[in-house]
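Here is the structure we will look at.
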Amino acid sequence: MLFFGPLDSRQNAPPMRVGFIGTDRGLRLYKKWTKSINGYIPTGKEDKEHHVAFPGFEAIFSASWPEDPVSTIIIPHDDILNKIQIKDRWQAIYSTVSLFDEKIRQHRQEEDQQVDLWFVVIPEDVYKLGRPNSKVSKNDAIDSPIEMNKRLAKRLETQFSLWEEDHQNAEIYKYELNFHNQLKARLLDTQEVLQVVRETTLSPDDFITDGKSLRQLQDPASLAWNLCVTAYFKSSGRPWRLANVREGVCYVGLVFKQDVTQKDPRNACCGAQMFLDSGDGLVFKGAVGPWYSEETGQYHLTYKKAKSLAELVVASYKKKHGFTPKELFIHGKTWANQDEWRGFKDGVPDETNIVCIRIRDERHFKLYSTEDTCVPRGTAFIAGRRKGYLWTKGFIPRLQTYPGWEVPKPLCIDICHGEADIEQVLTDILGLTKVNFNACLYADGEP
């Protein structure tokens, strides 16, 4: 991308339509940062091959990123403090999210200016107090404005209150205790695209305590690469795609997240991301259900849900390509059980070869080199016809370095169900580590 630009590079591309929401100080820091990325940023003190100077946003993407946002929403810092410091953590985070959520919704309804990406710049108070297990000091704590708590809200799930307001207030306790995740979840229906950034990320030099920076960050050039690539991608640009992707093959990664807000501890949300041979990706929102087993600590779909998911993937692939996939690989962190396998298999046509793959971190098996360098990235150990170990991190000959701190650990790859060549499976997974557009990394550790 440094030499040839992004995948969809085009001449005279329109400027990035980025909106800003945050405090006055956040706006000042945002403008300072956008001004810096429109120029050359050196690598800094670390002179290493994997640290590349940032030549400027327009030089890379053939599009400009104006210093002034297309839309600006200012939220007073005192208003944020009056919410995030509420003693009840559910009420605190919910109320703080509401400040941002309501302003973005209001802009969407009342303003004509289209925003492709919202830069949500938050002060450190929101970062520190907007996470699980965060606590407010006694001196700063503000009394909860609503007469509701977690215990009472849980009781109202099975008991009826004469006051509708009680049930409305109880809804607050169904959201995750995480500002970042809750804001994105609550704005999901608007399809607004967000990039949440801390003020200290944009300008660490503005936050010095006792002669030291508040945070230890990447060098400015690496930070610019990572933030700019993800912003370009979220604004509907395509930074790069994999070369030599096998035609007619698609990959689906299954992700489960336990839903702690539900009464049934087995309830979890299943999501799936499909990667196509075109380089595009599609995300499917899965349903909440009793997928989690406390006995095994694993997540598994029912036959019906597995079949439905496979049918959805095939239909989406056919809609985009005009034909069904030749091969469908389903990646997960657990061994697909028989109900899942039967569901997946029954959900695809006979001409589609379906394969279930388990990918997990290997904690015990390591390789040590007798040379001065560690094991090269891409090294594989074939343990059998259906099992292999793959080092997705390690020494990179082209860069003549290993961009890591610990001895690289491999991924353990198992072909759970279906038939596939284990070497081809490992090759595909190695390629999929290069399609994380949330950061400009040479290769992520996981597909």
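The values are calculated or read from the model by the stated rules, or taken from the named source; none is laboratory data. Source: prediction; values computed, not measured. Counting neighbours? That spans all protein chains shown, and the Cβs are built from the backbone with ideal geometry, glycine included. Protein only, heavy atoms only, side chains kept; ligands, DNA and RNA dropped before computing areas. Shrake-Rupley method; radii C 1.70, N 1.55, O 1.52, S 1.80 Å.
Find all pairs meeting these conditions: Cβ atoms under 7 angstrom apart; at least six residues apart or on different chains; first residue within segment 66-77 and within 11 Å of Met16 (Cβ to Cβ) and touching a residue at least 12 places away in the same chain (Cβ under 8 Å); second residue open to solvent by less than 50 Å² (accessible area, probe 1.4 Å) and part of a strand (DSSP E or B).
Pro69/Val18; Pro69/Gly19; Pro69/Phe20; Val70/Val18; Val70/Gly19
List, please: which pairs have Cβ atoms under 6 Å, are six or more places apart or on different chains, and start with a residue in segment 35-48 that is surrounded by 11 or more Cβ atoms within 10 Å (Cβ to Cβ) and end with one that is β-branched (Val, Ile, Thr) and modelled with pLDDT of 60 or more?
Listed by first residue and then by second, the contacts come to Lys48/Thr401.
Matching residues to (1) at pLDDT 90 or above; (2) under 28 Å from the mean Cα position of the chain (by Cα); (3) part of a loop (DSSP other than H, G, I, E, B):
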site	(1), (2), (3)
Trp341	yes, yes, no
Glu371	no, no, yes
Phe381	yes, no, no
Phe437	no, yes, yes
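Test of understanding: among Gly394, Gly343, which residue is touching a Ser or Thr at 6+ places or on another chain (Cβ under 8 Å) and closer than 27 Å to Lys318 by Cα? Full working, then the answer.
On the way: Gly394 fails: closer than 27 Å to Lys318 by Cα.
On inspection, the qualifying residue turns out to be Gly343.
Residues to consider are Ala287, Ala272; find the one that is modelled with pLDDT of 70 or more and among the aliphatic types (A, V, I, L, M). Quick ask: steps written out before the conclusion?
Values: Ala287 fails: modelled with pLDDT of 70 or more.
Going through Ala287, Ala272 in turn, the sole match is Ala272.
Lys319 versus (1) of a type outside the set (A, V, I, L, M, F, W, C); (2) surrounded by 15 or more Cβ atoms within 10 Å (Cβ to Cβ); (3) in a helix (DSSP H, G or I): which is the lone unmet condition?
It is condition (2) that Lys319 fails.
Pairs, please: C-beta under 7 Å, at least 6 apart or cross-chain, first residue in a loop (DSSP other than H, G, I, E, B) and in segment 159-184, second open to solvent by 80 Å² or more (accessible area, probe 1.4 Å) and basic (Lys, Arg)?
Qualifying pairs under 7 Å: Asn178/Arg131.
Here is a list: Val375, Val407. Which entry is surrounded by 18 or more Cβ atoms within 10 Å (Cβ to Cβ) and in contact with a Phe, Trp or Tyr (Cβ under 9 Å, 6 or more places away or on another chain)? First the steps, then the outcome.
On the way: Val407 fails: surrounded by 18 or more Cβ atoms within 10 Å (Cβ to Cβ).
Being surrounded by 18 or more Cβ atoms within 10 Å (Cβ to Cβ) and in contact with a Phe, Trp or Tyr (Cβ under 9 Å, 6 or more places away or on another chain) holds for just one of Val375, Val407, which is Val375.
Every residue in segment 181-190 that is surrounded by fewer than 19 Cβ atoms within 10 Å (Cβ to Cβ) and either within 16 Å of the chain's Cα centre (by Cα) or among the charged types (D, E, K, R) (or both), please. It would help to see each step written out before you state the result.
From segment 181-190, those surrounded by fewer than 19 Cβ atoms within 10 Å (Cβ to Cβ) are 181, 184-186, 188-190; that's our starting set.
Listed by number, the residues that qualify are Asn181, Lys184, Ala185, Arg186, Leu188, Asp189.
Is it the case that Leu390 is under 21 Å from His331 (Cβ atoms) and open to solvent by less than 20 Å² (accessible area, probe 1.4 Å)?
Working: under 21 Å from His331 (Cβ atoms): yes; open to solvent by less than 20 Å² (accessible area, probe 1.4 Å): yes.
Yes, satisfied.
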